[in-house]
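The values are calculated or read from the model by the stated rules, or taken from the named source; none is laboratory data. All values derive from a computational prediction rather than experimental measurement. Positions of Cβ are backbone-derived with ideal geometry, glycine not excepted, and every protein chain shown enters the neighbour counts. Protein only, heavy atoms only, side chains kept; ligands, DNA and RNA dropped before computing areas. Shrake-Rupley method; radii C 1.70, N 1.55, O 1.52, S 1.80 Å.
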Amino acid sequence: MADPIRTLSLPSPSEYHNRKVALISGITGQDGSYLTEFLLSKGYHVHGIIRRSSSFNTGRLHHLYSDLHAKPDDPSAPSGRLFLHYGDLTDSTNLVGVIAKVLPSEIYNLGAQSHVKVSFEMAEYTGDVDALGTLRLLDAIRTCGLEKHVRFYQASTSELYGGVSLSTAQGHTSPDSAPPPPPSKPEEAKAQDELTPFYPRSPYGVAKLYAFWITKNYREAYGMFACNGILFNHESPRRGRTFVTRKITRAVAEIKQGKSDVLYLGNLDARRDWGHARDYIEGMYLMLQHDTPEDFVLATGQTWTVRSFVERAFEVVGVEVGWSGSGNDEVGFDKATQKVIVKIDPRYYRPAEVE
């Protein structure tokens, strides 16, 4: 890495951090929009990196960015403290330019190709954005001479653990050998924590594993305040429509209203730890307020199957789901009408599922 592009006259790291200037990649996403709300409420000036698109991609921010003529110094107008910059995690020069212009005290790297199933179909792009994009941001901080002043948050993921039962099983060291049987009950599975070995099971997980380790490496090599937040699944009404929780809730509403007939899903018995995104973004913020940079796991500690999520979602609209058949032929039906409302589509199976 070359020397910084310029020599800056900066206050001490603690004074610099008190400026409360945040830069968020992935600001238009679920987590980015909640984090923006939260930081604005804390008095921050928030800058976001958005990709150029011919269609509007800022829908989750419209309620914050409505008055473009608000005065920046008006505390009653948070939109006056929100700024968007065109950029991309694949463009190193752009990232250096944005950071040099903004001079952020905190950077939250939430930008990613985050759909696990899609990562199998777009593995190279996922690696470029999720893995190397993190490296580009870290190097941009150093290029701007801010490695001792910026606090950096890397959005890591529980997908790092992936096949944790495979990695920790006695004598099971290769993914090509026969895996042990899964625990018969969820409580038999050991909870993952900061010391659990990683075993990613998707290109997305592998890319995020690189991002985790490069963040940790730059922290140790250059003394940067860089944290990894290993977050388990977190959902909300702002979740993208292709993610399973949002897909289910939207389909249930449409079936109830007669706008749709059947919900198509993949692995009904996949288990996930689901929390709420609004809680998790506060955890991100708290990691960067810590005295020392560390890596943290955020989770609810409870797992549920996709099947149970479907049942509970239909319960909300007064429908009790029954099940019949097995494998790809299994269906869910409305017990009151016997109408089939859930079917399996093998296209939604992942090539490798987390354990």
Query raised in the report: Mind checking the dipole of the stretch 302-355: about its Cα centre, +1 per Lys or Arg Cβ, -1 per Asp or Glu Cβ, Debye to the nearest 20?
Result: 120 debye
Report summary line: Over 21 Å (Cα to Cα) among 101/148; 20/216; 101/216; 256/335; 42/247; 20/101 -> 20/216; 101/216; 42/247
Query raised in the report: Say the dipole of the stretch 235-344 comes from +1 at the beta carbon of Lys and Arg and -1 at that of Asp and Glu; which of 325, 299, 257 then lies farthest toward its positive end?
Result: 257
Requested in this report: Starting from the stretch 206-302, pick out the trypsin sites (Lys or Arg not before Pro) whose DSSP state is loop and whose Cβ has at most 11 other Cβ atoms within 10 Å.
Outcome: 241, 259
Report task. At 1.4 Å probe size, with no ligands or nucleic acids counted, give the accessible surface of residue 122 in Å², nearest ten. Result -> 90 Å²
Requested in this report: Could you state the accessible area per residue of the stretch 200-353 in Å², with a 1.4 Å probe and every protein chain left in place?
Outcome: 50 Å²
Query raised in the report: residue 234 accessible area, nearest 10 Å², 1.4 Å probe?
Result: 20 Å²
Query - 10 Å-binned pair-distance histogram of the stretch 82-123 (Cα, whole percent) - result: 22, 46, 22, 10
Query - Projected-area mean, the stretch 255-355, by convex hull of Cα positions, square nanometres - result: 8.9 nm²
Query raised in the report: What ranking do 156-162, 94-100, 304-310 get when scored by the average of other Cβ atoms within 10 Å per residue, highest first?
Result: 156-162, 94-100, 304-310
